[in-house]
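Participant: Below is the structure I would like to discuss, written out as structure tokens.
The values are calculated or read from the model by the stated rules, or taken from the named source; none is laboratory data. Note that the structure is a prediction, hence the values are computed from the model and not measured. With ideal geometry, Cβ positions are generated from the backbone for all residues, glycine too; neighbour counts draw on all protein chains shown. Side chains are part of the model used for accessible areas, which takes the heavy atoms of the whole protein and leaves out ligands, DNA and RNA. Shrake-Rupley method; radii C 1.70, N 1.55, O 1.52, S 1.80 Å.
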Amino acid sequence: MRTEASVTRRRAGAGLLAAVLALVLGVAGWTALRRGVLERPARPAAAPEVPTGTARVTRADVVQRQEVPGVLGYGAATTVVAQGGGDPSGGLAGGGATLGGGAAVQPLVPTRLPAPGRVVRRGHALYELNGRPVALWYGARPAWRAFQPGMADGQDVRQLEANLVALGFDPDRSLTVDDHFSAATRAAVRRWQAGALGLPPLGRTGAIPLGGVVFFPGPVRVATVAATLGAPLEPGAPVLSVTPTKPVITAGIDPALQGLVRAGNRVRVLLPDGRASAGTVAAVSRVATAVDAGGRQGGDGGGTDSGQTVISVTVRLSDPSAARGLDQAPVQVAITTQAHTGVLAVPIAALLARPEGGYAVEVVGPGTASRRVPVRTGLFDETAGMVEVAGAGLAEGLAVEVPAP
């Protein structure tokens, strides 16, 4: 006979078993459902559409360029030094030994100095010593002695006379430009002293002491000023430094490219403000120089050798005014090393890589669906973003697909 307690225990056990079975079936069902969801093939995500535009196949000159860093400046600077010991008798500033002899020698004191960046041309004062202007004249030879009657003949005399004629101080054309300092030469010097500099009568000596004029091949640009106004200078002490007036760019190329770069090659210069300017290679060095750790050719004595050598290339801008306000500015120079003229060209962005290798372009219209045309590539002009192409079915004027800007 079953007791009430045993019945109660059975009922409790059955309930517990039912609960356990329900839990197991629930977990199994969830597992099956989860497996079905996870193992279901994922629907592929739609590829984002890239906006496109079109560009024309053009016939153009495509050039290959080598891009190198460069520095825009004004070339190597030349130092101008104080010469002579002054002439108290009224000669020009910076005169050497006094012409009359026996007079006391004055110290060389700068009384006017130009500002850096100033351009000085023939006949104008470069600076002033002892209250007397020191004029710039044109010539390849530096002044090395006083100009005066009785001096020995020489090429420096010819240079002096050429300037006197060019400046208009031989109105009656009596001066012969040669190596001899003649009476006509002295008369022309006296006109220059009186008319150009406004000197008092004592200054019209017809002779120019050493340091009275300085010679350079052409106009100069003041780069730096070393002297101080009012501070006496010893003969030979630096007064200032000058450069040519036209901006130039100095860049260094790999010696392996020396045979591809020559004077006359066209270049494209990217200026610091983002503007592009055309230029021409003016000179290519024949000697490789070392580059220091700071990237300077030849170093400055304070860096370490990077182990790299370059060939120095000098570039002149087609429009020098593009460099206005710039000095020692970093630029990028794209030097033309090869050119193909009158070839078909498309933007580099129009090229599509083919699975089997090579490239194709997507030709659009007119009046038909776009079609993919295999092409052969030639020169790449990465600076202009163009590439030379050729292929069957490709012609000037066709539209090709490119990414939209």
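Participant: If you roll a 1.4 Å probe over region 173-229 with all protein chains in place, what percent of the accessible area is carbon or sulfur?
Facilitator: 55
Participant: On to the next question. Once fully extended, how much extra length lies between Ala140 and Asp319, figured as 0.36 nm per residue of separation less the alpha-carbon to alpha-carbon distance?
Facilitator: Full extension from Ala140 to Asp319 adds 61.8 nm.
Participant: Quick one: which residues, 5+ away or cross-chain, put their amide H under 5 Å from the amide H of Arg118? H built at 1.01 Å from N.
Facilitator: Placed amide hydrogens put Val222 under 5 Å from Arg118.
Participant: Using 0.36 nm times the number of residues separating Met151 and Ala76, minus their current alpha carbon distance, what extension gain do you get? Please list the in-between numbers first.
Facilitator: Values: separation 75, 0.36 × 75 = 27.00 nm, distance 3.35 nm.
23.6 nm is the gain from fully extending Met151 to Ala76.
Participant: Could you calculate the FRET efficiency of Arg122 with Glu382 from 1/(1 + (r/R0)^6), where r is the beta carbon distance between them and R0 is 60 Å, rounded to 0.05?
Facilitator: After rounding, the FRET efficiency stands at 0.85.
Participant: Keeping the other protein chains in place, figure out the carbon and sulfur percent of the accessible area of region 108-168, with a 1.4 Å probe.
Facilitator: Working: 1400 of 2760 Å².
Whole-percent figure for carbon plus sulfur exposure: 51.
Participant: Between region 380-398 and region 130-161, what is the C-alpha centre distance in whole Å?
Facilitator: With region 380-398 and region 130-161 each reduced to a Cα centre, they are spaced 61 Å.
Participant: Same structure again: Over region 346-405, give the accessible area per residue in Å² for a 1.4 Å probe, as an integer.
Facilitator: Computed with neighbouring chains in place, this is 54 Å² per residue.
Participant: May I pose another question? Just check region 140-280 against the gyration tensor rule for me: Cα atoms, a ≥ b ≥ c as the square roots of the eigenvalues, rounded for a/c under 1.5, and otherwise prolate or oblate depending on whether a/b exceeds b/c.
Facilitator: Because a/c hits 1.5 or more and a/b exceeds b/c, region 140-280 counts as prolate.
Participant: Once you have the Cα-Cα distance between Ala278 and Ala166, take 0.36 nm times their residue separation minus that, and quote the gain in nm to one decimal.
Facilitator: This chain segment gains 36.9 nm when fully extended.
Participant: Using a 1.4 angstrom probe on the protein heavy atoms only, could you order Glu161, Glu128, Glu356 from most to least accessible area? Working shown, then result.
Facilitator: On the way: Glu161 0, Glu128 30, Glu356 125 Å².
Correct descending sequence by accessible area is Glu356, Glu128, Glu161.
Participant: Find the accessible area per residue for region 219-263; the probe is 1.4 Å, ligands and nucleic acids are left out, and the unit is Å².
Facilitator: For region 219-263, the solvent-accessible area averages 47 Å² per residue.
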